[in-house]
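Values in this text are rule-based calculations from the coordinates and carry no lab data. These numbers come from a predicted model, not from an experiment. Please note: Cβ atoms are built from the backbone with ideal geometry, for glycine as well, and neighbour counts cover all protein chains shown.
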Amino acid sequence: MDNVQGKPVRKNRRDFLKYLLGAGLLGFAASVFYPIIAYLKPPKQSEVEVTSVSAGKLSELEKDSGKIIRFGNKPVILIRTASGELRALSAVCTHLECTVQYRKDMGLIWCACHNGKYDLNGRNISGPPPRPLDPYRVVVKGDEIFISKMT
Amino acid sequence: MNKIILTILFFVISVALAARDKEHSVVDQCYVCHESLGGTESTLFKQDIHFKKGISCSACHGGDSKSDDMDKAMSKDAGYKGVPKGNEITQACIRCHANSEMMKKYGSKIPTNQFELLKASVHGRLAINGAERIVQCITCHNAHGIVEVDNPASPVYPTNVPKTCAKCHDDPVYMRSYNPALPVDQLQKYRTSVHGMRNAKGDPKPAECASCHGSHDILPVKDTKSKVYLTNIPSICSKCHSNAGYMKQYKIPTDQYEKYSRSVHGIALFQKHDIGAPACNSCHGNHAATPPGITSISEVCGTCHALNAELFSSSPHKKAFDKKKLPECETCHSNHDIITASNKLLGVSTDAVCSKCHKPDDPSKGYMVAKDMRLMIDSLETSEKNDSILIQEAEQKGMEIGEAKFRLRDAHQATLEARTMVHSFNEAKFNEVVDKGLKVTAAVKIEAADAIHEFYFRRIGLGISVAIISFLALVLYLYIKRIEKRKENV
Amino acid sequence: MKTFWENFYNWIDERVKLEDLVKFMGKKYVPVNRHSIWYYFGGVSLFFFIIQVTTGILLLFYYKGSSDLAFESIQFIMSKVKFGWLIRSMHAWAANLLILSAFIHMFSVYFEKAYRKPREITWVTGMLMFFLCLGFGFSGYLLPWNTLSFFATKVGTDIAGAVPFIGEPLKIFIRGGQDVTGATLSRLFGFHVALFPGIFTLLLAIHLILIQRQGISEPLHFQDKPKTEKKTMPFFPNFLLRDLLLWLIVLNILAILAVFFPAELGHKADPFSSAPAGIKPEWYFLFMFQSLKYFPSHILFAEGEVVGILLFGAAGLLWLLVPFWDRKSSRGERNKFVNYLGLFAVIFIIILTILGWWS
């Protein structure tokens, strides 16, 4: 629009005000489009709910051991049994929500807070836990272990 | 000759009997004859309530009780059945006992649904021979000589019930054929219980088998409708134990059920339907029901609260408690109305329990240790709470704080572990756990504060864009001014 | 540089005859008088609408319209998506400011009697857009699916349910069932992002074309003045540039509000919990909400609330149809009654909104 008005009068004179206007418009466009483009860029976690996480490499997980994986805001315990089977269970103790751990010496899942014990299927077998641990699904793709919610 | 004499005798007796039992229109020829012949059946039957009501042998055995001719009376034509076998026995009983009209005729007010209940009960299943139910009426009530339940001679009179049930239930060979996993020591255990000992002394009031398990309607323990299913136990015990009038002579409190219902265990069982929660029998035992002894309380509680019990048993308190005859867990946590333990229990304030024994002038360190421990755990809990407030604030401001939130779980875990560790009554061990938690809360606090700080940092971005927009607005304003000036000139 | 833009303009001009459009717009004049400031609120409302469309479309990229995920997806937008907080806060603020400026625009048009012949259609489309804005506000409020919005929607639809005869079916229609549930959410979501914008765009097009076609209305007192004394300014570029300048200032204000007072998230709605105390609708419904409270429980044979709702319905209809019953203004005469009525409406709305706010 500036062109339209500028045209009939000062055609060849450098118009300082117009340069400022152009610069302002450019800055304006930048300050509007930068947030929009940043907004549209896919975020790290691409969806609202975590449905699946990578839990590391199978070859790095020893037999007869377990480790805690962060699944959204909740811990999940991934266990490789002595026979090499993979199991994933919620690591939140059903008693008072402590994080459970794998005890090699007992061959059990154990909660340090009140000595709650679960078998490797997550069933509460001793101590105060009232319910079994919720199971998660384990999928192995190549050497990579993935844990996902049971559907 | 003998026969003639016998016949005459028979006749005379019959007439005499007929004269005596005027209300009976007809003489019961079965009884007349069988009594004269002797034998336990007829002797017992004389005491029988059915005999007293004028019911003839033929009511169950068939035949013609009016005929004095043995061949005629006990002929198939007269419907004579002899000794009923298997389910026939029960059929014979329920001809009257399932018929309220008939029962009314005899002036009886007892219920008529026993057979229905029995059929649905665990005893109503087929026996191993596949031909009859496991239990017939006479298994418990006997055949001849049945008396009212409140008659001490009855096999189902409270003091006789344990023996009656034990006829089968303490026979391992017999029980094996139905339920090999079922124990057979119930009677033995029962005799060691307070209930059982009083029962043995002839007191009909204490609980016997039927008080808890029911009589005709006994269901397997795992059946949710069973009177002794886990969630039903407190109410079955309270039937007597909450009845102040009934319990009066025993001089024990009657508020256990009420207390239990509002306890952490009662809430878990009744409201959260947690079938792992203890009911009355978990601590008192069932057949051997007796309050746990003072020195064994920690073991009883320790069946679930293992770590606490273990720590306590190896702590200096164990010895001291035993010496002073203080009941272990109960001294601090109470028994039936245990509420969720909080930090309040610890320390030396008025509502804390440590100061009950540990006074400020205590020669041992107890008073100081209790005070320190409380201080430590309070500071851990406060910093955990503050952290979660910070995290919530950061979240409400739209900051990504998942990592810190995840780590705060460790602090919560440390709080719980510390609460358990209290039972070691060892300050060093306790502080180790608390310190672990405090380290986490400190780190989380920094992270959360950083996130909130980041929120305010957004204002710098705002400043930049506001500056740009304002600049553009200013230039536009000048431009408009110029256009309007030019117009005026034109 | 300049020659490039000139060439570009000429290239377009050759094909679509921009010159005609510029000339057409340049011939239109906006009256200048001491009430000129009110002329800008239509443009400001339009600007807010543009912002709503832009930020709304952006929010659609991440929002999920189901009761399971609605709250979580907004949480996601607020925390995980870059500038998500800004987009959402701007959408929330612009929604409120749009309704505010639409209120002002409507009342200024009303008091200027700019609705008089031949601009009845402009008035009616404007009013319909205003009602739609309220609809946008109501439907959009539920979308975060938090406690506050859940119960506000419950109360709001309950009031709609009190309308005689059509109330109950209307309530079920809005709720998509007997109660406020996930079905209500997807329904209002549909209204908010598809149905309402479609209708609104149509109305807006008619509204804007009519303004261009008929020009800006002159105040009544202009009629008496000789043509030379009528102060005016060209619509293009003067008025339009001033509009743009104001838009920039408004954008600044919006950005500051969004950063310093970001939209709250609250707690996820729990349909089975009891309603929190003192649940209130958004401020633009507050005057109606509050006045319904003052109605006695029974008026003659009808329920007080029903009478109140009917009265508001009648008042709205009266307001909508003002160009058709205010014949005096169309003839160029003063109509004091309309002024008093408008003044009463303004005072009524302000007082009851304040009362509602503080109660």
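Given a Förster distance of 51 Å, report the FRET efficiency between B:Asn179 and C:Phe272 from their Cβ-Cβ distance, rounded to the nearest 0.05. Each step should come with its number before you reach the end.
Values: r = 43 Å, r/R0 = 0.85.
It comes out at approximately 0.70.
If you take the charge dipole of the stretch C:170-323 about its Cα centre, with +1 on Lys and Arg Cβ and -1 on Asp and Glu Cβ, which of C:Pro323, C:Ile172, C:Pro262 is farthest toward its positive end?
C:Pro323
With r defined as the distance between the Cβ atoms of B:Asp203 and B:Ser100 and R0 fixed at 45 Å, what FRET efficiency is calculated, to the nearest 0.05?
Using R0 = 45 Å, I get an efficiency of 0.85.
Within the set C:Lys28/C:Lys225; B:Lys76/B:Lys104; B:Lys359/B:Lys439; B:Lys239/B:Lys259; C:Lys154/C:Lys268; A:Lys63/A:Lys141, which residue pairs have Cα atoms separated by over 21 Å?
Over 21 Å Cα-Cα: B:Lys76/B:Lys104; B:Lys359/B:Lys439.
With 44 Å as the cut-off, how large is the P(r) tail for the protein assembly as shown, expressed as percent of Cα-Cα pairs?
61 percent
For C:Leu245, C:Leu355, what's the fewest-to-most ordering of other Cβ within 10 Å of each Cβ? Write out the running numbers ahead of the final one.
Values: C:Leu245 19, C:Leu355 15.
Ordered from fewest to most neighbouring Cβ atoms within 10 Å, C:Leu245, C:Leu355 come out as C:Leu355, C:Leu245.
Please arrange C:Ser89, C:Ser359 by how many other C-beta atoms lie within 10 Å of their C-beta, fewest to most.
Fewest-to-most Cβ neighbours within 10 Å comes out as C:Ser359, C:Ser89.
With a cut-off of at most 14 other beta carbons within 10 Å, and DSSP calling the residue loop, which GluC sites (Glu not before Pro) in the stretch C:276-355 qualify? Please list them.
For GluC sites (Glu not before Pro) across the stretch C:276-355 that sit outside H, G, I, E and B with at most 14 neighbouring Cβ atoms in 10 Å, the list reads C:Glu333.
Using a cut-off of 20 Å between alpha-carbon atoms, which aspartates and glutamates can reach C:Lys64, once sequence neighbours fewer than 8 places away in the same chain are excluded?
A:Glu47, A:Glu49, B:Glu395, B:Glu400, C:Glu72, C:Glu264, C:Asp270
Quickly work out the C:Ala314-to-C:Arg213 label distance, labels modelled 7 Å from Cα along the C-beta direction, and quote it in nm with one decimal.
Distance between label points: 3.5 nm.
Between 0 and 90 degrees, rounded to the nearest ten: what's the tilt of helix A:16-40 against the longest Cα principal axis of chain A?
Helix A:16-40 sits at roughly 20 degrees to that axis.
In nanometres, what is the gap between the two model label sites at B:Asp372 and B:Lys66, each 7 Å from Cα along Cα-to-Cβ?
10.0 nm
Is there a simple number for the mean count of other chain Cβ atoms within 10 Å of the Cβ of residues in C:241-249, and what is it?
5
Give the shape of chain C as rounded, prolate or oblate, defined through the alpha-carbon gyration tensor: a ≥ b ≥ c are the square roots of its eigenvalues, a/c under 1.5 means rounded, and otherwise the shape is prolate if a/b is larger than b/c and oblate if not.
Oblate, since a/c reaches 1.5 and b/c is not below a/b.
Excluding C:Val193 itself, what net charge comes from residues whose Cβ is under 13 Å from its Cβ, given Lys and Arg +1 and Asp and Glu -1?
Spelling it out: positives minus negatives among the neighbours equals +2.
Using +1 on the beta carbon of Lys and Arg, -1 on that of Asp and Glu, and nothing else charged, what's the dipole of the stretch B:359-453 about the Cα centre, debye to 20?
Its charge dipole is roughly 220 debye.
A 31 angstrom limit on the alpha carbon distance is what I want to check against. Which of B:Lys371/B:Lys445; A:Lys44/B:Lys397; B:Lys119/B:Lys272 exceed it?
B:Lys119/B:Lys272
Is the shape of the stretch B:314-379 best called rounded, prolate or oblate, per the rule: a/c under 1.5 gives rounded, else a/b larger than b/c gives prolate, else oblate, with a ≥ b ≥ c the square roots of the Cα gyration tensor eigenvalues?
oblate
Running a GNM on chain A with Cα contacts under 10 Å, which residue among A:Leu108, A:Leu17, A:Leu133 ends up with the highest mean-square fluctuation?
Per the Cα network of chain A with a 10 Å cutoff, A:Leu17 tops the list.
Magnitude of the Cβ-charge dipole of the stretch C:75-205, K/R +1 and D/E -1, about the Cα centre, nearest 20 debye? Don't jump to the answer; show the numbers that get you there.
Working: 11 positive and 5 negative charges, 60 e Å.
Roughly 300 debye, rounded to the nearest 20.
Gaussian network model of chain C, Cα springs within a sub-10 Å range: biggest mean-square fluctuation belongs to which of C:Ile57, C:Ile37, C:Ile349?
C:Ile37
In degrees from 0 to 90, rounded to the nearest 10, what is the angle of the helix C:240-260 Cα long axis to the longest principal axis of chain C?
So the helix axis and the longest Cα principal axis differ by about 30 degrees.
What is the dipole size for the protein assembly as shown, taken about its Cα centre, with +1 at each Lys and Arg Cβ and -1 at each Asp and Glu Cβ, in debye to the nearest 20?
On the way: 119 positive and 92 negative charges, 733 e Å.
Using only the charged Cβ atoms, the result is roughly 3520 debye.
Given the DSSP H assignment, sum -39500 (n - 2.57) over each helix run of at least 4 residues in chain C and divide by its residue total; what's the result at 222 nm in deg cm²/dmol, nearest 500?
Working: 16 runs with 240 residues, N = 359.
Helix contribution divided over all residues of chain C: -22000 deg cm²/dmol.
Give me the base-10 log of I(q)/I(0) for the stretch C:255-359 at each q in 0.11, 0.17, 0.21 Å⁻¹, Debye formula, one uniform scatterer per Cα, rounded to two decimals.
-0.58, -1.01, -1.18
Quickly rank B:376-386, B:401-411 as a protection proxy: mean count of other C-beta atoms within 10 Å, highest first.
B:401-411, B:376-386
Farthest toward the dipole's positive end in the protein assembly as shown, which of C:Gly65, B:Ile49, C:Met106, given Cβ charges of +1 (Lys, Arg) and -1 (Asp, Glu) about the Cα centre?
C:Met106
For B:Val194 and B:Thr303, FRET efficiency with R0 = 30 Å and r from the beta-carbon atoms, rounded to 0.05? Before the final figure, lay out the partial values.
Numbers: r = 21 Å, r/R0 = 0.70.
The pair B:Thr303/B:Val194 has a calculated efficiency of 0.90.
What is the mean number of Cβ atoms from other protein chains located within 10 Å of the Cβ atom of each residue in peptide A:21-28, rounded to a whole number?
So the per-residue partner count for this stretch is 6.
Measuring from label point to label point, each 7 Å out along Cα→Cβ, what is the B:Glu454 to B:Leu474 span in nm?
So the two model labels end up 3.4 nm from each other.
What is the order of B:Ser108, B:Ser424, fewest Cβ neighbours within 10 Å to most?
B:Ser108, B:Ser424
Below 11 angstrom from the Cβ of B:Val184, what's the summed charge of the other residues (Lys, Arg +1; Asp, Glu -1)?
It works out to a net charge of -1.
Could you tell me how many degrees, from 0 to 90 and to the nearest 10, lie between the Cα long axis of helix B:2-20 and the main elongation axis, the longest principal axis, of the Cα atoms of chain B?
60 degrees
Inside 10 Å of the C-beta atoms of B:266-274, what's the mean count of C-beta atoms belonging to other chains?
Working: counts 0, 0, 2, 1, 0, 0, 2, 1, 6.
That average works out to 1.
Does the stretch C:37-123 classify as rounded, prolate or oblate by the C-alpha gyration tensor (a ≥ b ≥ c root eigenvalues; a/c under 1.5 gives rounded; else a/b over b/c gives prolate, otherwise oblate)?
Taking the square roots of the gyration eigenvalues as a ≥ b ≥ c, the stretch C:37-123 is prolate.
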